[in-house]
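Q: Sharing a structure with you now.
Readers should treat all values here as calculations from the given coordinates under stated rules, not as data from a laboratory. On a predicted model such as this, the values are computed, not experimentally measured, just so you know. Here the Cβ positions follow ideal geometry from the backbone for every residue, glycine too, while neighbour counts run over all protein chains shown.
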Amino acid sequence: MMSLFEICQWLQNTEFGTSLRESIWMFPIVESTHVLGLSISVGTLLWMDLRLTGKFMKNQPISQISRSVLPWTLVGFTIMTITGVLLFWCQAIKAYNSIFFKIKIALLFLAAVNAIAYHTTIYRRMDEWDKASPPPLQARFAGWFSIVLWIGIIIAGRNMAYSF
């Protein structure tokens, strides 16, 4: 059975990983697309999270904001995920050895838990509090926690780039 390090080494050294890493054009395109996907995803999440905090857009129903931004959030998240996997693929050993990558993955996990908790609990009762100002404590917590997590994810990701 291969260790995680050996899997990362194999992945990085595949023909595809080497080609992507050494490409003059493809690596910068993938990296730039990753940042654009992140901008779309996190930018639209920020709208939703700011409304959930009860501090912004108080006159807008949360359901309306959610319907408007969720499709864009999913598009951005899909782009970000695909390009993130490609970036990991071509630099797996560097990521494996990076404390910032480990922090980023841990924060991404917490962001997923936060999103799942929100969508399986308070979101299901949105019709009861859709126009409330402020929203219920659980919704405000989910909004603030999401904002803090995504700030941490972005900081860890940028630090990864500067430490490789």
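Q: Do any residues in the stretch 74-87 that are under 12 Å from L36 (Cβ atoms) have Cβ atoms under 8 Å from those of residues that are charged (D, E, K, R), where the two are at least six apart or on different chains, and which pairs are they?
A: T83/E31
Q: Something else now. Looking only at residues that are surrounded by fewer than 18 Cβ atoms within 10 Å (Cβ to Cβ) and assigned to a loop (DSSP other than H, G, I, E, B) in the stretch 25-64, which one is farthest from the chain's Cα centre (by Cα)?
A: Among them, the one singled out is N59.
Q: Sticking with this one: Of all the helices (runs of 4 or more DSSP H) wholly in the stretch 91-164, which have at least 1 residues that are out of contact with any Pro (no Cβ under 9 Å at 6 or more places or on another chain) and of a type in the set (G, A, S)?
A: It comes to 92-97, 99-120, 137-163.
Q: Need pairs with beta-carbon distance below 7 Å; first residue in contact (Cβ under 8 Å) with a residue 12 or more places away in the chain and within the stretch 131-150, second outside any helix (DSSP H, G or I); sequence gap 6+ or separate chains.
A: Note: pairs meeting the criteria are K131/P61; S133/G54; S133/K58; P134/G54; P135/G54; Q138/T121; R140/G54; R140/P134.
Q: Take the residues in the stretch 74-97 that are surrounded by fewer than 19 Cβ atoms within 10 Å (Cβ to Cβ) and among the hydroxyl-bearing types (S, T, Y), then tell me which one is nearest to the chain's Cα centre (by Cα).
A: Here the residue is T81.
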